[in-house]
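A.B. asks: Supplied in structure tokens, the structure appears directly below.
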Amino acid sequence: MKVRIAKFLSQMSIASRRGAEQMIGQGRISVNGTIIDTPATFVDDTDIVCVDGKPISQKQEAFVYAFHKPINTMTTRSDPMGRKTIYDYLPNEYKNLKYIGRLDYKTTGLLLLTNDGDIARKLTLPSSNIERTYIATTNGNMKNLDLARNGITVDGIKYRPMKIDIIDKNKIMVTTIEGKKNEIRIVLRACGAPVRELHRIKYGNIELGNLGVGKIKKIDKKTIDLMLKKI
């Protein structure tokens, strides 16, 4: 199926869609030997797409990386409010990577990145049932956590049961497989234990470990293949 050229270039990790449109305007993109001047161009894997005269490889090797997301950072390409994004922290050679899921502005910890759009899709599908584990610092009220353990409806939205282990009087370990936006913050607030700090330590079988804040590392192929086989 043919897709717009900007989407194609994004999927191939050449540039963001906005960046691809700029490259088109600069006359840097050609399709089947003809330089294009509009993003309203559709291509598929039978077309020869070139950047600066060099063909794009249709079968690039897929990689996944672990990134330690800092606090007060948006998981997005650009922010209209001018807030820092994860791409402000990534070295230039990693700026074309796609993020796998999101962490909100205040949440820190493990964020996966990839150069492969299909892997990104598979690892974020709700049906994949991939566990995400967090350390949450709360106000210390642990009386109603069984509401989260059993599943809860908040403002008409159903949240699936979460695994919760108490670490100390104000810290808990939370594991979820759903991935709804802000789900841990919403559910724990409804349980009377609003989150002060939230830090992701694990995504599937990938752990943050001792990776420094703002640092990135490649995940070995065996680990990724094992996670994909379980989907």
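A.B. asks: At R0 = 22 Å, how high is the FRET efficiency between Ser78 and Lys180 if r is their beta carbon distance? Nearest 0.05 is fine. Mind showing how you got there, number by number?
C.D. replies: Values: r = 24 Å, r/R0 = 1.09.
Step by step, r from the Cβ atoms, then E = 0.35.
A.B. asks: Choose one of Gly204, Leu145, Leu228: the residue whose Cα lies farthest towards the positive end of the charge dipole of region 138-231 (beta-carbon charges +1 Lys, Arg; -1 Asp, Glu; about the Cα centre).
C.D. replies: Leu228
A.B. asks: Would you work out what percent of the accessible area of region 135-178, with all protein chains in place, is carbon or sulfur (probe 1.4 Å)? Intermediate values should be presented prior to the final figure.
C.D. replies: Values: 1280 of 2600 Å².
That fraction is 49 percent.
A.B. asks: So, one more: Per residue, how large is the accessible surface of region 71-141? Use a 1.4 angstrom probe and give square angstrom.
C.D. replies: Spelled out: the 1.4 Å probe surface of region 71-141, per residue, equals 46 Å².
A.B. asks: Using the Karplus equation 6.51 cos²θ - 1.76 cosθ + 1.60 (θ = phi - 60°), what ³J(HN,Hα) coupling, rounded to whole Hz, does each residue of region 195-204 give in order, writing x for Gly and Pro?
C.D. replies: Residue by residue, region 195-204 yields 7, 9, 9, 9, 9, 8, 10, 7, 9, x Hz.
A.B. asks: What is the list of residues in region 99-125 whose amide nitrogen lies under 18 Å from a point 7 angstrom out from the Cα of Lys171, following Cα to Cβ?
C.D. replies: Taking a point 7 Å out along Cα→Cβ of Lys171, the residues of region 99-125 whose backbone N falls under 18 Å are 107-110.
A.B. asks: Determine the dipole magnitude for the chain: charges of +1 sit on the beta-carbon of Lys and Arg, -1 on that of Asp and Glu, nothing else is charged, the reference point is the Cα centre, and the result goes in debye to the nearest 20. Mind showing how you got there, number by number?
C.D. replies: Values: 40 positive and 24 negative charges, 127 e Å.
Charge dipole of the chain: 600 debye, to the nearest 20.
A.B. asks: Which label marks the calculated value of percent of Cα pairs over 29 Å apart, given the options [x] 26; [y] 18; [z] 37?
C.D. replies: Computed from the coordinates, percent of Cα pairs over 29 Å apart corresponds to [z].
A.B. asks: Once you've got the GNM for the chain with C-alpha springs shorter than 10 Å, pick whichever of Met81, Met23, Met142 has the biggest mean-square fluctuation.
C.D. replies: Looking only at Met81, Met23, Met142, the largest GNM fluctuation is found for Met81.
A.B. asks: Can you tell me how much longer the chain between Thr38 and Val154 gets when fully stretched, taken as 0.36 nm per residue apart minus their C-alpha distance, in nm with one decimal?
C.D. replies: Values: separation 116, 0.36 × 116 = 41.76 nm, distance 4.53 nm.
Between Thr38 and Val154, full extension yields 37.2 nm more.
A.B. asks: Would you please give the FRET efficiency between Ile48 and Asp118, computed as 1/(1 + (r/R0)^6) with r the Cβ-Cβ distance and R0 = 25 Å, to the nearest 0.05?
C.D. replies: On the way: r = 21 Å, r/R0 = 0.85.
The formula returns an efficiency of 0.75 here.
The values are calculated or read from the model by the stated rules, or taken from the named source; none is laboratory data. Just so it is clear, the model here is predicted, and its values are computed rather than measured. Heads up, the Cβs are rebuilt from the backbone with ideal geometry, glycines too, and the neighbour counts pull from every protein chain shown. Just so you know, the surface numbers come from the protein's heavy atoms only, side chains and all, with ligands and any DNA or RNA stripped out. Shrake-Rupley method; radii C 1.70, N 1.55, O 1.52, S 1.80 Å.
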